[in-house]
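Presented below is the structure to which this report refers.
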Ligand SMILES: Nc1nc2c(ncn2[C@@H]2O[C@H](COP(=O)(O)OP(=O)(O)OP(=O)(O)O)[C@@H](O)[C@H]2O)c(=O)[nH]1
Ligand SMILES: [Mg+2]
């Protein structure tokens, strides 16, 4: 059977998953309501975090589809699948046009020589401008150095949410047939030399309680058989022998057991407990490994350490340094954008240095850890600064801001202070699009401010451009922390007073300890306060009136907020039940 291997790539929210789900539904591969976004965090947040694959059958052809995340922090998820497929479907929102991550994923695809099929999606939006967006996409291809063959791309217009695709805007269509036909026609059949010795490269890992580790990969050459002996070429250069215990193919997202899989296909295999992403599974010991999968460098770093707050160990199941280390080692096997330095630091407290692709990248990993029962502390994230031949450089990003015109002044001012240089400014109706080149350092901790400044109506997207000369000191609006000077239960009476002086992070009756950050003050330095202080009780009626206090809802510290607002001399304390900010040194 003919096989096509494709990945769906795009900027965040341009409709990849909705389109993939619709394709699966129309090809009858899934139950009603099934989605590629099936992880608990993905469902909660409505974004894709992990790349996932599915298979469908259309006109006697098997199409393996990999759905990828669009958020820039998960760029490495895209990078690692691009080598497993033969072409990409580049989805672009018909209103927004190409955005920073469109550029990133397209650039990676063009570099690998892939020939994208373009889908201009969401043409039902009232402000859709498919013709202009088509032109912008063409310019982007040119700009990224596409060759003639790549430039001659096919465009399909779609309303993914309704499961409709058209070859021409004026066509009538009721389903995705035009897109599926274009996939068969424009994307070449996977090369399938099943007679060569086996070479297969995993791009994803899975786990099964009975079977242990599973590797999902592209079979580049040869045949893989159940019960067959294989060799695993490790990234370290080692070769280890193994035996394939089971093989699965996919129908929709469900796995089906099979006895053999052939070159050109994507399959999942069990039996190799030590297998990692990017390694080569092959038939003989002396075969050459497939080229390793290259991934962009991390841009931010922070320390992970054992929780030593006064509340340490109350809520977590896994709390020791060894447990955190083992968890990070496991994460490294599947989280290809992550790096960890485990070497114990000289002097000071024990910590592991963790390097990631952005605050959300780190926050998602921490969220998974706390749900599994881990408890730990992390330091404030820092941008990775490089020094080479006396030259100091730091990562810069391209930030694209879409805001109603009235807010553009504030955004320009704020980003200017953070060393952002405005490269472009475009007006479309009442909306402004501003494009900045800005140090990653300047963007850290800005998103929350941006939401406030634009009353939630702005969109801010960015992608890393690379390392450039250090931009000098950046002064961010300094808020001071409101720090508790006492331990105990916070009281409404006291919080009512504190909210007059700044933003409060906690509810009444929350337990606090000395040195815990309970809020922030707009101006300057830290303010030590006593949130446990009650009203002087002169008589019974005064005590009863405590209940009439009007409290504004607190600004609850979530993982992402915590990483943004915490200061250099603070730790974020993360447990399965709570996220708190604390001073590194608890006493004033
Ligand atoms: N108007 C309109 N909205 C759509 C269409 N397709 C998807 N959406 C909406 O766009 C939003 C994002 O859709 P997703 O499919 O999750 O986007 P995605 O590209 O997978 O997002 P990430 O994986 O997080 O990058 C959802 O609210 C969809 O309902 C469409 O054809 N028209
Ligand atoms: Mg998605």
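What to note about this one:
- Computed from label points 7 Å out along Cα-Cβ, the spacing between residue 326 and residue 205 is 1.5 nm.
- Helical content of the chain, expressed as a calculated mean residue ellipticity at 222 nm, amounts to -6500 deg cm²/dmol (DSSP H runs of 4 or more residues, -39,500 (n - 2.57) each, divided by residue number, nearest 500).
- Normalised by residue count, the chain yields a Cα convex hull volume of 190 Å³ per residue.
- Each peptide among 61-72, 208-219 gets the average number of other Cβ atoms lying within 10 Å of its residues, and from highest to lowest they stand as 61-72, 208-219.
- Extension gain, residue 567 back to residue 152 (0.36 nm per residue minus Cα-Cα distance, nm): 144.3 nm
- Residues 27, 282, sorted so that the one with the fewest Cβ neighbours within 10 Å comes first: 27, 282
- Helix 321-334 axis, angle to the chain major axis (alpha carbon atoms, nearest 10°): 30 degrees
- In degrees, nearest ten, helix 130-143 long axis to first principal axis of the chain (Cα): 80 degrees
- Tail weight of P(r) past 13 Å, computed on alpha-carbon pairs of segment 126-190, percent: 69 percent
- Peptides 385-396, 560-571, 76-87 ranked from most to least packed give 76-87, 560-571, 385-396, packing being the mean of other C-beta atoms within 10 angstrom over each peptide's residues.
- Prolate is the label for segment 116-247, because a/c, from the alpha-carbon gyration tensor with a ≥ b ≥ c as root eigenvalues, is 1.5 or above and a/b exceeds b/c.
- For the chain, the antiparallel share of DSSP beta bridges with both residues in that region comes to about 80%.
- Protection proxy ranking of 460-468, 147-155, by the mean of other Cβ atoms within 10 Å over each peptide's residues and highest first, is 460-468, 147-155.
- Helix 408-417 vs. the chain, principal-axis angle (Cα, 0 to 90°, nearest 10): 80 degrees
- Residues listed by number, segment 240-257, amide nitrogen under 18 Å from residue 43 label point at 7 Å toward C-beta: 253-255
- Computed over segment 1-40, the percent of Cα pairs more than 14 Å apart is 55.
- Cβ-derived FRET efficiency at R0 30 Å, residue 588 paired with residue 451, nearest 0.05: 0.40
- If the segment from residue 161 to residue 341 were pulled out straight at 0.36 nm per residue, it would be longer than the present Cα-Cα gap by 60.4 nm.
- Simple spin-label estimate for residue 171 and residue 57 gives 2.5 nm between the two label positions (7 Å along the Cα-to-Cβ direction from each Cα).
- Expected-Rg normalisation [2.2 N^0.38 Å, Cα atoms] applied to segment 398-455: 1.02
- The mean sequence separation of alpha-carbon pairs under 8 Å and at least six residues apart, normalised by the residue count of the chain, gives a relative contact order of 10 percent.
- For segment 281-424, pairs of C-alpha atoms spaced more than 22 angstrom apart make up 57 percent of the total.
- The Cα center of segment 288-320 and the Cα center of segment 117-150 differ in position by 39 Å.
- Least to most buried among 418, 45 (fewest other Cβ within 10 Å first): 45, 418
- Sites residue 31 and residue 1, calculated FRET efficiency, Cβ-Cβ separation with R0 30 Å, nearest 0.05: 0.80
- Inter-label distance, nm, simple model (7 Å from Cα along the C-beta direction), residue 135/residue 241: 6.6 nm
- Residue order, fewest to most surrounding Cβ atoms within 10 angstrom, among 517, 403, 585: 585, 403, 517
- Paramagnetic reach from residue 410 (point 7 Å along Cα→Cβ, amide N under 16 Å) across segment 446-488: 446-460, 477
- Within segment 90-175, antiparallel bridges make up roughly 30 percent of the DSSP beta bridges whose residues both belong there.
All of the numbers you see were taken from the coordinates with simple rules; none came from a lab. Just so it is clear, the structure is predicted and the values come from calculations on it, not from any experiment. Here Cβ is always computed from backbone atoms with ideal geometry, including for glycine, and neighbour counts include all displayed protein chains.
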